[in-house]
Amino acid sequence: MHNKRISTVISVVLLGLIAVAFLFPFAWMVATSLKPTTEVFSLSPSGSRIAWDNYPSALNSIPFGRVVLNSFIVSLCGAGLVVVVSVLSAYAFARLRFKGRDHLFMVFLGTLVLPQEVLVIPLYIGMQRMGLVNSYFALIVPFAFGAFGAFLIRQFLKSLPLEFEEAARIDGCSDWQILTKILLPLLKAPITVVGVFAFIDYWSAFLWPLIVVNDSTLATIPLGLQMFSGERGTDWGPLMAAVTMTTIPSILLVVFLQKQLEKGVTLGAFGGR
């Protein structure tokens with residue numbers, strides 16, 4: 001009993017240290033957003049006022065509303081498209097039988113190791129030739145066909161018994177009806193994981209929007225934050241205030257869907273069992 005109590009205390013202390021390590025950047029971000037720009041890099045408190053005016057300054061220094069709206073459009077549409085593509089491809093690789101299925105899936109899975117920097121040039125050339133540069137289509141579609149979501153949902157599908165689908169086929173259901181009416185209700189947890197991860201990826205993407213968008217009216221949040229840096233340097237106070245405000249949606253999304261995310265990741269890790 002004594003050893004068990006010591007083990008519990010050590011576990012709690014380690015988890016607390018890990019939590020502090022993860023929360024420190026957020027605390028620093030909020031604290032910096034309330035400092036005057038001239039004191040951002042000062043480690044010792046100077047007793048000066050709290051710079052609440054950094055927040056209205058952040059809203060007025062850049063087209064903040066437009067930037068946030070663009071990010072919501074891109075992130076929501078992108079997450080929805082990723083979920084649709086992941087579910088369809090996962091069903092094909094888990095349930096449909098065709099020649100070379102497993103080998104094709106391994107090739108598809110191998111795309112996970114390709115860094116984004118390798119893909120942006122051919123993707124940009126393709127968007128340019130199709131006349132789709134500076135469009136929501138270019139911001140959303142090219143990176144919606146990743147293998148992560150398909151892999152996670154496929155692992156869950158592989159663990160489900162085939163009896164449900166066989167019974168549905170006997171009743172005359174097609175593959176589409178089996179997927180939409182029988183399997184989708186069982187896939188809520190992994191779909192939530194895929195959707196949330198995709199939303200955060202689109203919300204925080206910088207390199208691809210920087211390359212494919214030249215029109216400020218289509219700028220997403222990372223591009224909008226770049227507007228705080230100019231020839232006279234970076235306006236750190238309003239920048240940190242803007243970062244704080246734009247981080248809130250992702251945090252709230254994870255908090256509200258915490259149980260579904262935990263369930264989905266656990267099921268995916270253990271093959272749905």
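The values are calculated or read from the model by the stated rules, or taken from the named source; none is laboratory data. Here the structure is a predicted model, which means the values were calculated and not measured. Glycine also receives a Cβ, built like all others from the backbone with ideal geometry; neighbour counts cover every protein chain displayed. Ligands, DNA and RNA are excluded from the accessible area calculation, which covers all protein heavy atoms including side chains. Shrake-Rupley method; radii C 1.70, N 1.55, O 1.52, S 1.80 Å.
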Straight-line reach from K188: which lysines fall under 26 Å, measuring Cα to Cα and dropping same-chain residues less than 8 apart? K158, K259, K263
Under the Kirkwood approximation for Rh and a Cα-based Rg, what ratio Rg/Rh is obtained for the chain? 1.06
Honestly region 133-219 on the Cα gyration tensor test (a ≥ b ≥ c root eigenvalues; a/c under 1.5 rounded, otherwise a/b vs b/c for prolate or oblate) is just prolate
Helix-only mean residue ellipticity at 222 nm for the chain, each DSSP H run of n ≥ 4 adding -39500 (n - 2.57), per residue, nearest 500: -21500 deg cm²/dmol
With all protein chains present, the chain has a carbon and sulfur share of its accessible area (1.4 Å probe) in percent of 69
Please compute the per residue accessible area over region 65-270 with all protein chains in place, 1.4 Å probe, rounded to a whole number of Å². 54
For the peptides 216-225, 173-182, what is the packing order when you average, over each peptide's residues, the other Cβ atoms within 10 Å and list the highest mean first? 216-225, 173-182
Taking 7 Å along the Cα-to-C-beta vector as the label spot, tell me the D102-A19 distance in nanometres, rounded to one decimal. 4.5
Principal-axis tilt of helix 101-110 within the chain, Cα atoms, nearest 10 degrees: 10
Taking the mean number of other Cβ atoms within 10 Å as a proxy for protection, how do you rank 187-200, 249-262 from highest to lowest? 187-200, 249-262
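Could you tell me the calculated FRET efficiency between K158 and L119, based on Cβ-Cβ distance and R0 = 25 angstrom, to the nearest 0.05?
Numbers: r = 28 Å, r/R0 = 1.13.
Efficiency, rounded to the nearest 0.05: 0.35.
Rounded if a/c is under 1.5, else prolate if a/b is larger than b/c, else oblate: which is region 1-110, with a ≥ b ≥ c the root eigenvalues of its Cα gyration tensor?
Values: a/c = 4.03, a/b = 1.38, b/c = 2.93.
Note, shape of region 1-110 comes out oblate.
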Specify the angular offset, from 0 to 90 degrees and rounded to the nearest 10, of the alpha carbon long axis of helix 258-269 from the longest principal axis of the alpha carbons in the chain. 50
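Compare the peptides 135-147, 9-21, 27-39 by average per-residue count of other Cβ atoms within 10 angstrom and give them in order, highest first.
On the way: 135-147: 18.7, 9-21: 9.9, 27-39: 15.8.
Order by mean packing, descending: 135-147, 27-39, 9-21.
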